[in-house]
Amino acid sequence: MSAYFVDVGSGVEYRLSAPKEWGYLMKLHEYQSKQVFAKYGIPIPRGRVASTADEARHIAEELGGRVVIKSQVLVGGRGKAGGIRLARTPKEAGELATQVLAMEIKGLPVRKILIDEAVGITKEIYLGITNDRGARRPVMMASSAGGVDIEEVAANTPEKIIKLHIDPLLGLRDYQARDLAVSIDMPREFWRSFGEIAAGLWRVYKENDADLVEINPLVITSDNRLVALDGKMVVDDNAIFRHAEINEMRDLGAEDALEVEARKYGLSYINLDGNVGCMVNGAGLAMATMDIIKLSGGEPANFLDIGGGASSEKVAAALRIILADPKVKAVLFNIFGGITRCDEVARGVLTAIHEVKPKVPMVARLVGTNAEEGLRLLANANMITAETLVDAAQKAVAIAKGA
Ligand code: GDP
Ligand code: MN
């Protein structure tokens, strides 16, 4: 998986091959996604979320006994990790809830569980929509081989996943949904219901500025209904301001703490795997800086755009965030002074240094408005200064490697 940035200023698209894939995107939990799906007419099982075994038992009683206990963590593959369990009685639901609430799945603690009525399954289908950047439009994907192994299906038998592009202006047409149903050998009696679910899913995607919506599995039940048993939604963080109800679903406890902190100050920050911390103004310049670090044989510890006209308080917050990351062995400042004045940035850096007392070396390259004054201030504070970006990146990478 990889993360994308599109720099609105330059139109440059940048792909980060980092395992931390979700900068600029917000993931919803399964129970939240399914609540949204239900508003768009997609059938979901009856169920409620719980955070204790007692609650789980009560919910199981309400639902009539047989339930599925589902860990709510923001990663896939919960089933295989033992985070999805079938309980036959409310008592068993309580016991399994205790077990699941004690689990950690792929490093994430389980704080909430969804208790859904158990459903008899005759077939598991995959249905999802994401953005196909190459085709410049959304793509709907469906497969008759849905369930827990869809990644393997995609890798080994990609022909079993049927793709269909959606014109963003026309939307999903009825005939397209029908074609999809036929392509995955959906029995005729379900075409109508499948069409309604596909149309609903398209509206979920479009109206919520989603980057991914997925039902895996969409099941044919033993009493011949189509039901979304699992749900996944990932929305674009940059559009969240127009979706207050989605923003309220944000689970800060499940997100990267430094990214949460950065958001408070309006900084665009993404934590990565390398050891050279970066502070840059402008997303395009930040991307270029990361490239030069890589070209110099190093790896960036983060993407950080402090934005145009950053105040010294904002700069100080940014430096605190960079230095709070224990991976960081050197910091590289790359500032272009336009609206942002280099001396203003330098003063912010000095404020932050005063507060944080960093132990890692810092390299600064400043050009543009008041660069001389800025460099003088930083050199006085024992920072390493550099003339060019290449020079700065090489120095920072060498220090990070030596440390
Ligand atoms: P994931 O592993 O994180 O994708 O979690 P899912 O919610 O997709 O659940 C994994 C698998 O558990 C599904 O593919 C189903 O086979 C099974 N499962 C989930 N809910 C039910 C249910 O209500 N009844 C039955 N019989 N199986 C279920
Ligand atoms: Mn699933």
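The values are calculated or read from the model by the stated rules, or taken from the named source; none is laboratory data. Bear in mind that the values here come from a model prediction, so they are computed numbers and not experimental data. A quick note on method: Cβ atoms are made from the backbone with ideal geometry, for glycine too, and the neighbour counts reach across all protein chains shown. To get the accessible areas, we keep the full protein, side chains included, count just its heavy atoms, and leave off ligands, DNA and RNA. Shrake-Rupley method; radii C 1.70, N 1.55, O 1.52, S 1.80 Å.
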From V153, V182, residue being crowded, with 17+ Cβ neighbours inside 10 Å and not in a strand (DSSP E or B)
V153
Show the residue pairs that are 6+ apart or on different chains and have beta-carbon atoms under 8 Å apart, the first residue being within region 160-175 and closer than 16 Å to E207 by Cα, the second being open to solvent by 100 Å² or more (accessible area, probe 1.4 Å) and among the basic types (K, R).
P168/K206; G171/K206
Hey, among K395, K294, which residue is surrounded by fewer than 19 Cβ atoms within 10 Å (Cβ to Cβ) and at pLDDT 95 or above?
K294
Give me the pairs: first residue in region 76-105 and more than 19 Å from I59 (Cβ to Cβ), second residue open to solvent by 40 Å² or more (accessible area, probe 1.4 Å), beta-carbon distance under 6 Å, and six or more apart or on different chains, which are they?
G79/V148; K80/V148; I105/A81
Region 359-385, residues that are in a loop (DSSP other than H, G, I, E, B) and either surrounded by fewer than 17 Cβ atoms within 10 Å (Cβ to Cβ) or β-branched (V, I, T) (or both)
K359, V360, T369, A381, N382
May I ask you to list the residues in region 297-310 that are among the small types (G, A, S), at pLDDT 95 or above and crowded, with 19+ Cβ neighbours inside 10 Å?
G298, A301
Taking the conditions exactly as written (of a type in the set (A, V, I, L, M), modelled with pLDDT of 95 or more and more than 28 Å from P138 (Cα to Cα)), does V276 satisfy them or not?
yes
Just to verify a result, which residue in region 89-110, among those that are hydrophobic (A, V, I, L, M, F, W, C) and out of contact with any strand residue (DSSP E or B) (no Cβ under 7 Å at 6 or more places or on another chain), is modelled with the lowest pLDDT?
L108
So which residues in region 38-52 are outside any loop (DSSP other than H, G, I, E, B) and either free of Cβ contacts under 8 Å to residues at least 12 places away in the same chain or away from ligand 1 (no atom under 13 Å from the Cβ) (or both)?
A38, K39, R48, V49, A50
Mind listing whichever residues of region 311-332 are in contact with a strand residue (DSSP E or B) (Cβ under 9 Å, 6 or more places away or on another chain) and either in a loop (DSSP other than H, G, I, E, B) or open to solvent by less than 10 Å² (accessible area, probe 1.4 Å) (or both)?
V315, A318, L319, I321, I322, D325, K327, V328, K329, A330, V331, L332
Looking only at region 156-174, decide whether some residue is of a type in the set (A, V, I, L, M, F, W, C) and part of a helix (DSSP H, G or I).
no
Hey, can you tell me all the residues within region 136-150 that are away from ligand 2 (no atom under 14 Å from the Cβ), over 15 Å from V213 (Cα atoms) and surrounded by 18 or more Cβ atoms within 10 Å (Cβ to Cβ)?
none
How many residues does region 58-77 contain that are open to solvent by 20 Å² or more (accessible area, probe 1.4 Å), among the β-branched types (V, I, T) and at pLDDT 90 or above?
1
Which listed residue is over 15 Å from G277 (Cα atoms) and either within 31 Å of the chain's Cα centre (by Cα) or in a loop (DSSP other than H, G, I, E, B) (or both), from I339, I335:
I339
Considering residues that are open to solvent by 10 Å² or more (accessible area, probe 1.4 Å) and among the small types (G, A, S), the number found within region 186-238 is 5
Condition test on E344, is it assigned to a helix (DSSP H, G or I) and farther than 21 Å from L272 by Cα?
yes
Taking region 111-133 as the search range and keeping residues that are away from ligand 2 (no atom under 16 Å from the Cβ) and modelled with pLDDT of 90 or more, which one is farthest from D251 (Cα to Cα)?
T122
